[in-house]
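Before I ask anything, let me first share the structure, which is written out below as structure tokens.
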């Protein structure tokens, strides 16, 4: 019998995660928790509305739910959600989600809560941190490292041995060449090419990417 799982967030990203759950044969989707409950009535939402928020492990046990995915695309918001849930749920409630059409090397390591969506690739020796996100068609090449709560947007590619810091967001279509580091809580804008290391806490953009300004952790980028 497949474990029943719920998704927090019924927005576009939550629905993308639901598609990954339903495309595979690992989990059964019970439904969504979302503060905007009316939004869960959309016809394209493949699951039930389970409530506005998770308040306790007992609540999930009563629903037969054994796992939770964070359907929140913004890295900082995803981390804050986990910080609240981590106080009431054990680590085992946050499994790894890999779309069946993703390619993950047998020697790669995926930490709890990490997500690898359709068409994404995780290369040999790569490490994906807790609650890190590889969006559709993105790639973390061999021996790359993604910090906790970092993300690769759709179509973003890294060369080998690239390091992405905690909370860092790599925009759509970005290319990061071999061996470069993008610091913690930084954002690289869509379509950029990273040829040099990017420091912590900045916004970088362009071809080649240059630092445009500083950035505070939690500043919106989506």
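Does residue 196 qualify as being more than 16 Å from residue 120 (Cα to Cα), part of a loop (DSSP other than H, G, I, E, B), outside the structural domain of residue 79 (by TED's automatic domain parsing) and in contact (Cβ under 8 Å) with a residue 40 or more places away in the chain?
no
Would you point out the residue of region 178-193, among those that are within 20 Å of residue 126 (Cα to Cα) and not in a loop (DSSP other than H, G, I, E, B), that is nearest to the chain's Cα centre (by Cα)?
My answer is 182.
State all residues of region 1-12 that are part of a loop (DSSP other than H, G, I, E, B), surrounded by 19 or more Cβ atoms within 10 Å (Cβ to Cβ) and either in the same structural domain as residue 119 (by TED's automatic domain parsing) or on the phi < 0 side of the Ramachandran plot (or both); if no residue qualifies, say none.
Residue satisfying the conditions is 10 alone.
Could you tell me which of the residues 119, 125, 113, 73 is part of a loop (DSSP other than H, G, I, E, B), at pLDDT 95 or above, surrounded by 20 or more Cβ atoms within 10 Å (Cβ to Cβ) and in the same structural domain as residue 150 (by TED's automatic domain parsing)?
Sole residue among the options that is part of a loop (DSSP other than H, G, I, E, B), at pLDDT 95 or above, surrounded by 20 or more Cβ atoms within 10 Å (Cβ to Cβ) and in the same structural domain as residue 150 (by TED's automatic domain parsing): 113.
Let me ask another. Which of the residues that make up region 131-188 are surrounded by fewer than 22 Cβ atoms within 10 Å (Cβ to Cβ) and touching a residue at least 60 places away in the same chain (Cβ under 8 Å)?
Scanning region 131-188 gives 136, 148.
Determine if region 46-68 includes at least one residue that is within 22 Å of residue 222 (Cα to Cα) and outside the structural domain of residue 119 (by TED's automatic domain parsing).
Scanning region 46-68, I find no residue that is within 22 Å of residue 222 (Cα to Cα) and outside the structural domain of residue 119 (by TED's automatic domain parsing), so the answer is no.
Please specify each residue of region 13-39 satisfying the condition of being part of a helix (DSSP H, G or I), free of Cβ contacts under 8 Å to residues at least 60 places away in the same chain and within 18 Å of the chain's Cα centre (by Cα).
14, 15, 18, 22
Next up: Would you be able to say whether some residue in region 209-222 is under 15 Å from residue 78 (Cβ atoms) and within 14 Å of the chain's Cα centre (by Cα)? So that I can check it myself, show each step before the final result.
Step one: of region 209-222, the residues under 15 Å from residue 78 (Cβ atoms) are 217-222.
When the remaining residues are screened for being within 14 Å of the chain's Cα centre (by Cα), the result is 222.
Yes; the residues of region 209-222 include at least one that is under 15 Å from residue 78 (Cβ atoms) and within 14 Å of the chain's Cα centre (by Cα).
Would you point out the residue of region 46-67, among those that are in a strand (DSSP E or B) and at pLDDT below 95, that is surrounded by the most Cβ atoms within 10 Å (Cβ to Cβ)?
Looking at the filtered set, the residue picked out is 50.
The values are calculated or read from the model by the stated rules, or taken from the named source; none is laboratory data. All values derive from a computational prediction rather than experimental measurement. Using ideal geometry, Cβ is built from the backbone for each residue, glycine included, and neighbour counts are taken over all protein chains shown.
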